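Below: one structure, written as structure tokens.
The values are calculated or read from the model by the stated rules, or taken from the named source; none is laboratory data. As the structure is a computational prediction, the values presented were derived from the model and not from experiment. In this analysis, Cβ positions are derived from the backbone assuming ideal geometry, glycine residues included, and neighbour counts consider all displayed protein chains.
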Amino acid sequence: MSQWQSEKMLTAFLDRDGVINRKRPSDYVKSWQEFEFLPGVFDALRTLKQHGFRLIVVTNQRGISLGRFSENDLAVIHERMQAELRKAGGELDAIYYCPHGYDSCDCRKPGIGLFLRAQRDFPDIRFSNSFLVGDSVEDMEAGERLRCRKVLIEVDGAGIASLLARKNVRPDFSAPSLLEAVTNYLIPSPGSGAGEAKTAKETDEAGEPDEAPTRPMMSEIHNKKPLP
Ligand SMILES: [Mg+2]
Ligand SMILES: [Zn+2]
């Protein structure tokens with residue numbers, strides 16, 4: 001990929017549990033047997049890839065620090081997850097995880113250490129050109145610090161809205177699933193090819209130059225169904 005192309009790339013930072021796979025009530029996902037993809041995730045990730053997004057998972061995995069599972073267990077889960085996503089055409093570009101407990105590192109979300117590590121690995125990442133999709137207060141707080149677009153997934157309508165309001169953190173968009181967030185917010189017209197024909201002249205609010213024609217314009221994305 002040329003430098004020019006890579007500079008145009010949008011990045012979707014994705015939380016894992018509660019966004020890609022189902023959360024386990026009061027427990028961690030400790031093995032592949034306990035890993036269950038949420039409905040629509042394959043379609044969602046494939047669609048994002050088709051629209052030129054870079055896909056990066058950033059996930060807190062405190063269960064490692066508690067000894068509930070090992071880093072090797074996690075590696076196995078992620079290998080299997082990637083294999084399934086690859087088959088579906090929605091492979092992730094990278095996965096970053098924090099294995100630590102509370103207050104012992106700068107990488108556990110809402111810390112942004114993992115995002116900065118991603119930016120070191122992919123130097124063209126612009127957080128102003130990025131989305132953070134997550135289901136927790138910590139995700140939205142990290143997004144706030146990064147000044148990227150914050151997308152809240154509420155699988156069961158769990159309602160952390162009041163918590164977020166108290167912290168004065170407002171998602172840019174909310175949806176009950178990753179797929180709905182993708183089709184209604186991250187990309188303009190999924191499946192119709194409309195997003196690929198856009199060659200708008202506007203620049204996004206960070207003043208970046210025009211997007212490549214194969215990618216949605218940030219301004220269009222931003223203007224798509226904002227929250228009231
Ligand atoms: Mg989560
Ligand atoms: Zn950490």
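Side notes on the structure shown:
- Being modelled with pLDDT of 95 or more, hydrophobic (A, V, I, L, M, F, W, C) and farther than 21 Å from Glu180 by Cβ holds for only one residue in Trp32, Trp4, and it is Trp32.
- Conditions (1) closer than 23 Å to Gly143 by Cβ; (2) part of a loop (DSSP other than H, G, I, E, B); number of the one not met by Gly89: (1)
- Exactly one residue out of Pro110, Pro99, Pro123 is closer than 25 Å to Pro176 by Cβ and either within 16 Å of ligand 1 (Cβ to nearest atom) or modelled with pLDDT of 95 or more (or both): that is Pro110.
- Considering region 76-112, and only residues there that are more than 19 Å from Ala44 (Cβ to Cβ) and among the aliphatic types (A, V, I, L, M), the residue that is nearest to ligand 2 (Cβ to nearest atom) turns out to be Ile112.
- Scan of region 89-121 for residues that are farther than 25 Å from Phe69 by Cα, touching a Lys or Arg at 6+ places or on another chain (Cβ under 8 Å) and surrounded by fewer than 15 Cβ atoms within 10 Å (Cβ to Cβ), ordered by number: Gly89
- Matching entry among Phe37, Phe53 (being under 13 Å from the mean Cα position of the chain (by Cα) and aromatic (Phe, Trp, Tyr)): Phe53
- Candidate set: region 113-133, residues that are within 16 Å of ligand 2 (Cβ to nearest atom) and touching a residue at least 40 places away in the same chain (Cβ under 8 Å); chosen: the one nearest to the chain's Cα centre (by Cα): Phe115
- Residue in region 178-192 that is within 30 Å of Asn72 (Cβ to Cβ), at pLDDT 95 or above and of a type in the set (Gly, Ala, Ser) present: no
- From the list Gly159, Gly207, Gly134, the one residue that fits, being modelled with pLDDT of 65 or more and exposed (fewer than 15 other Cβ atoms within 10 Å of the Cβ), is Gly159.
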